[in-house]
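> Sending over a structure as structure tokens; questions will come in a sec.
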Amino acid sequence: MIDFGDFYRLIAKGSLSHWLETLPAQLAAWQKESLHGQFKQWFNVVDYLPTIKPERLDLLHSVTAEMVSAEKTAELSAGQIQGITNHLRTLMPWRKGPFDLYGIHINTEWRSDWKWERVIPHISSLAGRTVLDVGCGSGYHMWRMIGAGAHLAVGIDPTQLFLCQFEAVRKLLGGDQRAHLLPLGIEQLPELKAFDTVFSMGVLYHRRSPIDHLFQLKNQLVSGGELVLETIVIDGDAQQVLVPGDRYAQMRNVYFIPSAAALVNWLEKCGFIDIRIVDSCQTTTEEQHKTDWMDKESLADFLDPNDHHKTIEGYPAPIRAVIVAKKP
């Protein structure tokens, strides 16, 4: 089973120590009761993978691990690389990335690096910060947060496949302990008030109560902490909110899509200050697409084939905005 002991020890003496009053019991209950039918198979894949210490690790510009000397490269035979590739393919579909691991290019559904490049110029420096990534998926952005100088990146995502993908990548990055993924939803967190920066990217439109979600994010921040919110928006004024029917872009769990201006109003009502819309762009089929590591339907299948400005249901196609705000 996944051992969270290293994380418990890591936070025992810091600003997150009070989380230990509830977290171990939550994760023990998860281990006992909530495991997906394929979790054992996925976890076995993680177990089989070797822990490899890269000679070169780039988390600032990408998530890339490699050997650079001929002697070290020779230690990873073609057969070993093929075996690692086969194990990683067992963990498909890979959605957030890409990852480059000893010549293995995990070409994920999302070009998450493009999103990161849109976000990072507009936020406070992450150097030395304790960071929370809500809905972190496979953990790609957490590694980029570490590359940008974060002291500790904590991700939460209840999807068990993503946990196994994260742990697989961690082993291939040498067992790096600066990032940790916990299989929890934001609603399971107490009011920690301990994170310098909180990221919520691609989550808000999946929440039945978006205002509650914004308050939950605020409750994790220290006073003066920064929220980085990335979500789907629509064009319109401060009163415009789309409430889709059964599906939006074939997704069933999409509840509210505000305009960026309406989202600013929501953040103000939740007590955030210094609210800025720093980026807005339509999602393209180059940024979200099928690959040989994610061979299921993707954005091209969810858009009107005759007009990519509309979803297949006739709604406005996804525009993703980045909003930065602070907790007083």
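The values are calculated or read from the model by the stated rules, or taken from the named source; none is laboratory data. Model, not experiment: these values are computed from the prediction. All Cβ positions, glycine included, derive from the backbone under ideal geometry; neighbour counts span all protein chains shown. Areas reflect the complete protein model, heavy atoms only, side chains present, ligands, DNA and RNA absent. Shrake-Rupley method; radii C 1.70, N 1.55, O 1.52, S 1.80 Å.
> Looking only at segment 146-179, how many residues end up being closer than 22 Å to Lys218 by Cβ and open to solvent by 10 Å² or more (accessible area, probe 1.4 Å)? Lay out the reasoning, then the answer.
First, the residues of segment 146-179 that are closer than 22 Å to Lys218 by Cβ: 150-158.
Pick out the ones that are also open to solvent by 10 Å² or more (accessible area, probe 1.4 Å) and you get 151-152, 157-158.
Summing the residues that are closer than 22 Å to Lys218 by Cβ and open to solvent by 10 Å² or more (accessible area, probe 1.4 Å) in segment 146-179 gives 4.
> On to the next question. Is it the case that Tyr255 is among the hydroxyl-bearing types (Ser, Thr, Tyr), modelled with pLDDT of 95 or more and crowded, with 22+ Cβ neighbours inside 10 Å?
Numbers: among the hydroxyl-bearing types (Ser, Thr, Tyr): yes; modelled with pLDDT of 95 or more: yes; crowded, with 22+ Cβ neighbours inside 10 Å: no.
No.
> Could you list, in sequence order, all residues of segment 233-248 that are crowded, with 22+ Cβ neighbours inside 10 Å and not hydroxyl-bearing (Ser, Thr, Tyr)?
Scanning segment 233-248 gives a single hit, Val233.
> Any residue in segment 261-275 that is aromatic (Phe, Trp, Tyr), under 23 Å from the mean Cα position of the chain (by Cα) and closer than 30 Å to Gln165 by Cα?
no
> Continuing with the same structure: Which number in (1) open to solvent by 50 Å² or more (accessible area, probe 1.4 Å); (2) more than 27 Å from Leu229 (Cβ to Cβ); (3) in contact (Cβ under 8 Å) with a residue 12 or more places away in the chain marks the one condition that Leu101 misses?
So Leu101 meets the others, but not (1).
> Collect the residues in segment 291-318 that are open to solvent by 50 Å² or more (accessible area, probe 1.4 Å) and touching a Phe, Trp or Tyr at 6+ places or on another chain (Cβ under 7 Å), keeping them in residue-number order.
If the condition is that a residue be open to solvent by 50 Å² or more (accessible area, probe 1.4 Å) and touching a Phe, Trp or Tyr at 6+ places or on another chain (Cβ under 7 Å), then Ile312, Glu313, Tyr315 are the ones that fit.
> Go through segment 262-290 and report how many residues are part of a loop (DSSP other than H, G, I, E, B), open to solvent by 40 Å² or more (accessible area, probe 1.4 Å) and more than 13 Å from Pro318 (Cα to Cα).
3
Condition check ((1) surrounded by fewer than 21 Cβ atoms within 10 Å (Cβ to Cβ); (2) farther than 23 Å from Arg320 by Cα) across all residues:
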| position | (1), (2) |
| --- | --- |
| Glu55 | yes, yes |
| Glu66 | yes, yes |
| Gln80 | yes, yes |
| Thr85 | yes, yes |
| Leu88 | no, yes |
| Trp94 | no, no |
| Trp114 | yes, no |
| Ser125 | yes, no |
| Arg144 | no, no |
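> OK, next. Sort out which residues of segment 27-52 are in a helix (DSSP H, G or I) and surrounded by 16 or more Cβ atoms within 10 Å (Cβ to Cβ), and write them in order of number. Break it down stepwise before answering.
If we filter segment 27-52 for residues that are in a helix (DSSP H, G or I), which is where we start, we get 27-33, 39-48.
Passing the criteria: Leu27, Trp30, Phe39, Trp42, Phe43, Val45, Val46.
> Can Leu217 be described as over 18 Å from the mean Cα position of the chain (by Cα), of a type outside the set (Phe, Trp, Tyr) and buried (at least 20 other Cβ atoms within 10 Å of the Cβ)?
Values: over 18 Å from the mean Cα position of the chain (by Cα): no; of a type outside the set (Phe, Trp, Tyr): yes; buried (at least 20 other Cβ atoms within 10 Å of the Cβ): yes.
Judged against the criteria, Leu217 is not a match.
> For the subset of segment 127-142 comprising residues that are open to solvent by 10 Å² or more (accessible area, probe 1.4 Å) and at positive phi, which member is farthest from the chain's Cα centre (by Cα)?
The first filter runs over segment 127-142 and keeps only residues open to solvent by 10 Å² or more (accessible area, probe 1.4 Å), leaving 127-130, 135.
Narrowing further to those that are at positive phi: 128, 135.
Details: Gly128: 20, Gly135: 5 Å.
The extreme case among them is Gly128.
> Regarding segment 104-115, can at least one residue be identified that is in a loop (DSSP other than H, G, I, E, B) and of a type in the set (Phe, Trp, Tyr)? Reasoning before the result, please.
Taking segment 104-115 as the starting set, the residues that turn out to be in a loop (DSSP other than H, G, I, E, B) are 107-109.
Then drop every residue that is not of a type in the set (Phe, Trp, Tyr), which leaves none.
No: zero hits.
> For Val63, state whether it is in contact with a strand residue (DSSP E or B) (Cβ under 6 Å, 6 or more places away or on another chain) and more than 25 Å from Asp292 (Cα to Cα). Working first, answer last.
Working: in contact with a strand residue (DSSP E or B) (Cβ under 6 Å, 6 or more places away or on another chain): yes; more than 25 Å from Asp292 (Cα to Cα): no.
So Val63 fails the test.
> In the list Leu189, Leu204, Leu229, which residue meets the criterion of being under 21 Å from the mean Cα position of the chain (by Cα) and open to solvent by 10 Å² or more (accessible area, probe 1.4 Å)?
Numbers: Leu204 fails: open to solvent by 10 Å² or more (accessible area, probe 1.4 Å); Leu229 fails: open to solvent by 10 Å² or more (accessible area, probe 1.4 Å).
Going through Leu189, Leu204, Leu229 in turn, the sole match is Leu189.
> Kindly establish whether Glu21 is open to solvent by 80 Å² or more (accessible area, probe 1.4 Å) and either at pLDDT 95 or above or under 18 Å from Lys171 (Cα atoms) (or both).
Details: open to solvent by 80 Å² or more (accessible area, probe 1.4 Å): yes; either at pLDDT 95 or above or under 18 Å from Lys171 (Cα atoms) (or both): yes.
In short, yes.
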